[in-house]
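Report on one structure; see the data block that follows.
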Amino acid sequence: MTATNIIFLDIITVLPAPFSPNTWKVRLALNYKKLAYETRWVETTDIASVCKALGIPPTSTLPDGTPKYTLPALVDNNPSPPALLSDSTPIIEYLERTYPDPDSSRALCPPISRALLALFEYHVAHSITAQLLPVMVMHMYDKKTPRDRIHFRKRTEAAFGKKLEDIELRGKEREEHWNKIEGAFDLLATFMQAGGGASELFTGSNLSLADCTLGGLLLAFRYISPDEAWIKVSSWNNGKWVRYVAALEEWTDVV
Ligand SMILES: N[C@@H](CCC(=O)N[C@@H](CS)C(=O)NCC(=O)O)C(=O)O
């Protein structure tokens, strides 16, 4: 392990493992790069106050114009002053810049692939991540800590103008929505087959930013919704996504 002094901020839930796709994305990168780090567990209710106290920047702006703070976030105490970071992709880019692998073939986001990786992230964000709430909202709610459940319900219901239970789709509408998400995975599987199928990952046996993003999402499915989302995803594309997550296993330690 490289000697580092990195604090990684992740979201605590009632589960024994993290459940956020974005924090998994950075955790996979930290583990792949063999960087020593410590996790600081934060309830979503406390993200803004904890980030503000540490000087970590917000990642966007709320509709009322106030700054929005999200996790993952990371404090690297190695440089002076320490690096204070938020937003999964910029965090991974920072880790790459600051702790490059001597073997350039192991780079997570080499500049030459950066535009393609951005296109990939855009596809996953719009065709998959943005579609999940109507089929995942109650699974997410159930896994939150009791205190975060109150916070999540209040904020989400205010944003959507309806109860969580009414955001969740049911019956035929739910199945149609899942079919749409399956279509996005079909497209990914088709493109990944173009690589010749020598490896489950995007770029051979090494991890890339694309794998951190997709892997984070699949791990989130497995933990947030083992009894629905993960069962469905496991049955798609001849088990491709089960094999894919198995190929990531060596980078899924939670420290
Ligand atoms: N663009 C950010 C998005 C991060 C994000 O939305 N994180 C969620 C957890 S997956 C979060 O912190 N939510 C807390 C909240 O909405 O209050 C990233 O890629 O890191």
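No lab work stands behind these numbers, since they all come straight from the coordinates. These numbers were taken from a predicted model, which means no experiment stands behind them. With ideal geometry, Cβ positions are generated from the backbone for all residues, glycine too; neighbour counts draw on all protein chains shown.
Given +1 at the Cβ of Lys and Arg, -1 at the Cβ of Asp and Glu and no other charges, the dipole of the chain around its Cα centre is 380 debye to the nearest 20.
Checking every one of the trypsin sites (Lys or Arg not before Pro) in segment 126-175 against DSSP loop status and a limit of 16 other Cβ atoms within 10 Å picks out K162, K163, R170.
How much length is gained if the chain between K34 and A158 is pulled fully straight, taking 0.36 nm per residue apart and subtracting their Cα-Cα distance, in nm to one decimal?
40.5 nm
What Kirkwood radius, in Å to one decimal, follows from the Cα pairs of the chain? Please list the in-between numbers first.
Numbers: mean 1/r = 0.0522 Å⁻¹.
Radius from the Kirkwood sum: 19.1 Å.
Between the listed residues P67, L219, V242, the Cα displaced farthest toward the positive end of the dipole of the chain, a dipole computed from Cβ unit charges relative to the Cα centre, is found at P67. Total lysine pairs in the chain at Cα distances under 13 Å, for residues eight or more apart or on different chains: 7.
Of all DSSP beta bridges located in segment 1-125, what percent are antiparallel, nearest 5? Before the final figure, lay out each step's value.
On the way: 10 of 17 bridges.
Of the beta bridges lying entirely in segment 1-125, close to 60 percent run antiparallel.
Here is how the number arises for the chain: DSSP H runs of 4 or more residues each give -39500 (n - 2.57), the sum is divided by the residue count, and the result at 222 nm is -16000 deg cm²/dmol. How many angstrom separate the Cα center of segment 143-218 from the Cα center of segment 49-94? First find each Cα centre; the distance between them is then 23 Å. Placing unit charges on the Cβ atoms of the charged side chains and taking the dipole of the chain about its Cα centre, the candidate lying farthest along the positive direction among I167, L116, L9 is I167. Residues of segment 223-241 with backbone nitrogen within less than 20 Å of a virtual label 7 Å along the Cα-to-Cβ line of T190, please, listed as ranges. Output list for this probe position: 233-241.
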